[in-house]
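The values are calculated or read from the model by the stated rules, or taken from the named source; none is laboratory data. What you see is a predicted model, and the numbers here were worked out from it, not measured in a lab. Cβ atoms come from the backbone with ideal geometry, glycine included; neighbour counts cover every protein chain shown. Surface areas here come from the heavy atoms of the whole protein model, side chains and all, with no ligands, DNA or RNA. Shrake-Rupley method; radii C 1.70, N 1.55, O 1.52, S 1.80 Å.
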Amino acid sequence: TRIQFMASITNPKTPCKGQAIEAQDLANFILDVGVTLMSSGAHCGRVWRNCKRIAEHWGFDLQFNPNFTGLLVNVQDLQNKANMATCYRTSPPHNVHFEKITLISHLSWQISSGALSLEQAQKKFADIQSVKPYNHHLVTLAIGVACACLCLIAGGGWMDAAFVFVASSLGAIVRYFMLRKKFNSFLSFIFASIVTTLISGINTLLGNGETSQIAMATAVLYLVPGVPLINSVIDLLEGYLQSSLARSLFAASILCSIATGMTIGILLLGIKNF
């Protein structure tokens, strides 16, 4: 429970003095933790704090160099300088999963409190990695409702919101299907944007008022890469310039893909006054 977890932090246990840890084993564990955090949507500062907390508990100094596609770490035993290791690992495809970030943060605090050995921590981390992704059907429903509400907030009518709900939901399904088939991520954004624009633009062709174009503008908002954009700013402020630039370019490429899909959809619909 949360009370038990907080108690373990306020009453930390000291690690076993006889526990000897190989630098290579610790480096591999930190790399697993680091790349999982990065691919789940954590910014570099958070990855650094979690990894440093783990390394310091077992008496290791941590050097850390993150980038958008991977992570380089160096760990060195402060009591035995010869016990050190330098490793690099490529990050898996980025897929935002805030539950994993939270669970790993809790795990790092449990390790810091001395409640877990390295072997126990590795087992708990394996359980975290096995956490299932968010239910796609619920995500699709949430996307449709959210975009429909945005349409209403922007001044669209209820008919526009209905078209937006259908368009954004089907667009999300198309993107999910393409990602499962291992298509390029940017292509999935383009095709999802095309489908969403075509469906939301039907109301414009029917001539149901000027606000019908609001549907086309709000239906694709679910594709906007909010997490990479926010993380790029945080990384910039915290001094991780390389990662910040990479995230910014990645987000900009997604925005260009969305614009490309919308342009193709508008051209196919024959709308000239959007």
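What's the total number of residues in segment 148-184 that are polar (S, T, N, Q) and either on the phi > 0 side of the Ramachandran plot or surrounded by 17 or more Cβ atoms within 10 Å (Cβ to Cβ) (or both)?
Selection size over segment 148-184: 2.
Check Ser188 against each of (1) open to solvent by less than 30 Å² (accessible area, probe 1.4 Å); (2) more than 23 Å from the chain's Cα centre (by Cα) and name the one condition it does not meet.
(2)
Looking at segment 260-274, which of its residues are in a helix (DSSP H, G or I), open to solvent by 10 Å² or more (accessible area, probe 1.4 Å) and touching a residue at least 60 places away in the same chain (Cβ under 8 Å)?
Passing the criteria: Thr260, Met262, Ile264, Ile266, Leu268, Leu269.
Report whether or not Thr140 is surrounded by 16 or more Cβ atoms within 10 Å (Cβ to Cβ), on the phi < 0 side of the Ramachandran plot, part of a helix (DSSP H, G or I) and without any contact (Cβ under 8 Å) to a residue 40 or more places away in the chain.
Yes, satisfied.
Could you check, for segment 148-162, whether at least one of its residues is outside any helix (DSSP H, G or I), modelled with pLDDT of 90 or more and within 24 Å of the chain's Cα centre (by Cα)?
Scanning segment 148-162, I find no residue that is outside any helix (DSSP H, G or I), modelled with pLDDT of 90 or more and within 24 Å of the chain's Cα centre (by Cα), so the answer is no.
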